[in-house]
Amino acid sequence: MTIRQLTAPHAVLLEGPQNGVPQTSEMIRGERFRILEERDGWLRAENAFDGHVGWLPPGTRHAEPVAPTHRVRALRADLHPGPTHKTPPVATLSFGSLVTLDGRAENGWVGTDEGLWLFAGWLEPVDAAPAADHIATALRFLETPYVWGGRSSFGIDCSGLVLTAMAAAGIVSHHSSGMQRKDDRLGKWLSDDGRGVDYRRGDIVFFPGHVGLMVDGTNLLHATVFTMSVVIEPLAEVAKRAEINGVRRPG
């Protein structure tokens, strides 16, 4: 199988090789993928990050893989043509994007292997320690627009938010609330219906076709079509719209 690396800032993975079909996931700059099939310029690809399979549209930029040196830790990071904030950015990268630096450094900016520049404070080495608090990561996405199949700061869905937050903490799961519900890597199973649970910060709460994260004992952080954004709501209010069907506790 051919292995490639995404060089576009991000790319959609679609349900089928045609426009107008649902998005099922998203790939982020620097992620590697296997080409499983090619059809009229469309690529059926398996993302090495989480194993998700979908169709990349024609024209999606990709290249031979190179080893990344750094990861974007800012919610968004602009690529500039020069080592200064005064030059107009040529592209914007999302949290979690992977880049390769070429050793250039000037005035707090660092050069990429594409000849562009990023502010050094937006980056961390790829071997940096995992985040200690997945909720702190998830909270950074507050008010991010809801996008079905999204998992970036450009737009994110409920399972994408959980996937991103847990991956930053060193645990990569699936981009699917149903598969996350079954994934023991995400923590101890506490309840099938939420009754009697003494909720804590970090708990993962499941609903039919939906998932969210507890920021404390009573409030849920989630990406929801109800507001088309990432919001914090009382869990009791969310449970009025959909029944809880599972609770996990990471760690």
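Just a few scattered comments:
- Boolean, residue 77 is part of a strand (DSSP E or B), of a type in the set (A, V, I, L, M, F, W, C) and either in contact (Cβ under 8 Å) with a residue 60 or more places away in the chain or surrounded by fewer than 15 Cβ atoms within 10 Å (Cβ to Cβ) (or both): no
- Residue check for residue 96: in a loop (DSSP other than H, G, I, E, B), closer than 30 Å to residue 201 by Cα and not assigned by TED's automatic domain parsing to the domain that holds residue 10: yes
- Some residue of the range 177-188 being polar (S, T, N, Q) and assigned to a loop (DSSP other than H, G, I, E, B): no
- Taking the numbered list (1) in a loop (DSSP other than H, G, I, E, B); (2) of a type in the set (Gly, Ala, Ser); (3) within 18 Å of the chain's Cα centre (by Cα) in turn, residue 251 passes all entries but (3).
- Some residue of the range 94-115 being surrounded by fewer than 16 Cβ atoms within 10 Å (Cβ to Cβ), of a type in the set (Gly, Ala, Ser) and touching an Asp or Glu at 6+ places or on another chain (Cβ under 9 Å): yes
- Residue in the range 185-204 that is among the β-branched types (Val, Ile, Thr), in the same structural domain as residue 172 (by TED's automatic domain parsing), within 19 Å of residue 157 (Cα to Cα) and in contact (Cβ under 8 Å) with a residue 24 or more places away in the chain present: yes
- Taking the range 8-73 as the region of interest, the strands (runs of 3 or more DSSP E) fully inside it that hold 1 or more residues being buried (at least 18 other Cβ atoms within 10 Å of the Cβ) and in contact with a helix residue (DSSP H, G or I) (Cβ under 9 Å, 6 or more places away or on another chain) are 23-28, 70-72.
- Matching residues, the range 19-46, being aromatic (Phe, Trp, Tyr) and under 24 Å from residue 153 (Cα atoms): 33
- Close contacts from the range 123-139, counting a first residue that is without any contact (Cβ under 8 Å) to a residue 60 or more places away in the chain and more than 23 Å from residue 214 (Cα to Cα) and a second that is among the β-branched types (Val, Ile, Thr) and part of a loop (DSSP other than H, G, I, E, B), with Cβ to Cβ under 8 Å and a gap of 6+ residues or different chains, come to 125/69; 126/69.
The values are calculated or read from the model by the stated rules, or taken from the named source; none is laboratory data. All values reported here derive from a predicted model rather than from experimental measurement. Because the Cβ atoms are built from the backbone with ideal geometry, glycine has one as well, and the counts that use them run over all protein chains shown.
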